[in-house]
Amino acid sequence: MSSTPNGQWYPPEWPARIRALAHGELTPAAPRRAATVLLLRDTDAGGPAVHMLRRRTSMAFAGGAYAYPGGSVDPRDERPVAWAGPSLAEWARRLGFGADEEAAAQAVVCAAVRETFEEAGVLLAGTSAGTVVADTTGDDWDADRAALVAHELSFADFLDRRGLVLRSDLLGAWARWITPEFEPRRYDTWFFVAVLPEGQRTRNVSTEADRTVWIRPAEAAAGYDRGELLMMPPTISTLRGLEAYGTAAEALAAAGGQDLTPVLARAELKDGEVVLSWPGHEEFTKHLTPVAPPATGSPATAAPPATGGPGTAPPTTTGESTA
């Protein structure tokens with residue numbers, strides 16, 4: 001793994017893979033649909049804090065990078081669930097699906113709620129359309145959470161067993177990023193914002209994280225700018241977008257106006273130099289050291305996608321910090 005002086009994550013093999021793609025020697029992997037959630041809570045210091053986790057350095061994708069709870073869509077996320085909030089048709093339009101893809105839209109929203117519970121212990125559901133579970137601690141909750149992580153229990157069965165309604169109105173779609181074509185582990189990821197429900201608290205229960213923090217977006221962005229916090233472009237981009245809001249509720253209310261046009265990186269070879277850019281996000285443009293053509297045995301064919309979640313220095317933190 002490598003980072004530029006400001007903390008932008010990219011793996012050292014990317015230049016070689018970019019060259020292979022440009023020469024027609026690499027077949028891009030199909031991106032897996034995924035969802036991730038920016039959990040927010042208000043602070044006394046002014047402005048909301050966001051819950052972030054640091055991915056273990058052993059992770060094949062974005063190891064050591066700070067990210068948000070999230071992961072891949074489970075095919076079973078399309079199973080019907082008790083639903084509150086915008087209709088599936090409304091969600092399909094908002095997320096960029098066709099009129100006949102309501103099940104796919106539901107799967108993305110379900111993945112967002114499920115992964116937040118699996119990785120942070122926070123559940124955006126209640127016994128009715130106007131309630132939210134107040135406490136998700138205890139052995140019985142942990143047993144269900146572990147069964148979800150192990151794919152022994154579907155999210156639909158989990159909600160049905162507990163008589164819960166998924167509160168889709170507690171989520172706001174914020175952005176959509178697609179992993180570059182030259183990366184073997186690709187995700188088509190929707191980013192959501194949500195306010196931490198009253199009475200619930202986050203826990204470091206993710207097997208993919210070695211640290212969690214609550215931190216104000218401006219502080220996290222400053223840590224990234226100093227090169228102290230490693231992040232992928234979508235993570236720092238969404239953090240910067242949150243800096244303008246004074247409360248968690250304001251950020252959630254603003255989600256409806258966010259642009260969900262997918263962001264996909266571009267890579268070009270110019271005079272032997274690799275130029276990596278993300279359209280509409282000029283700060284991430286990188287001019288990488290020229291590389292030789294890949295040698296025999298180098299990764300010219302996309303590897304199978306990983307099963308882990310999509311892309312996620314002790315900063316000045318607000319609230320809990322679990323190492």
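Computed values, structure above
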quantity: Leu38 vs. criteria aliphatic (A, V, I, L, M), under 17 Å from Arg240 (Cα atoms) and either modelled with pLDDT of 95 or more or surrounded by fewer than 24 Cβ atoms within 10 Å (Cβ to Cβ) (or both); calculated: yes
quantity: Test result for Val132, over 16 Å from Asn204 (Cα atoms) and among the hydrophobic types (A, V, I, L, M, F, W, C); calculated: yes
quantity: Candidates Arg211, Arg216, filtered to the one that is modelled with pLDDT of 80 or more, open to solvent by 30 Å² or more (accessible area, probe 1.4 Å) and in contact with a Lys or Arg (Cβ under 8 Å, 6 or more places away or on another chain); calculated: Arg211
quantity: Every residue from the stretch 167-199 that is closer than 21 Å to Gly46 by Cα and either among the polar types (S, T, N, Q) or open to solvent by less than 20 Å² (accessible area, probe 1.4 Å) (or both); calculated: Val193, Ala194, Pro197
quantity: Helices (runs of 4 or more DSSP H) (entirely within the stretch 199-261) containing at least 1 residues that are under 28 Å from Glu90 (Cα atoms); calculated: 233-242, 248-254
quantity: Residues (open to solvent by less than 30 Å² (accessible area, probe 1.4 Å) and among the small types (Gly, Ala, Ser)) located in the stretch 242-292; calculated: Ala248, Ala251, Ala254, Ala255, Ala265, Ser277
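This table checks each residue for (1) farther than 17 Å from Pro75 by Cβ; (2) assigned to a strand (DSSP E or B); (3) open to solvent by less than 60 Å² (accessible area, probe 1.4 Å); (4) in contact with a Leu (Cβ under 9 Å, 6 or more places away or on another chain).
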| residue | (1), (2), (3), (4) |
| --- | --- |
| Thr131 | yes, no, yes, no |
| Thr137 | yes, no, yes, no |
| Leu148 | no, no, yes, no |
| Arg161 | yes, no, no, yes |
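The values are calculated or read from the model by the stated rules, or taken from the named source; none is laboratory data. The model shown is predicted, which means the values in this text are computed figures rather than measured ones. We place every Cβ from the backbone using ideal geometry, glycine too, and count neighbours over all the protein chains shown. Ligands, DNA and RNA are excluded from the accessible area calculation, which covers all protein heavy atoms including side chains. Shrake-Rupley method; radii C 1.70, N 1.55, O 1.52, S 1.80 Å.
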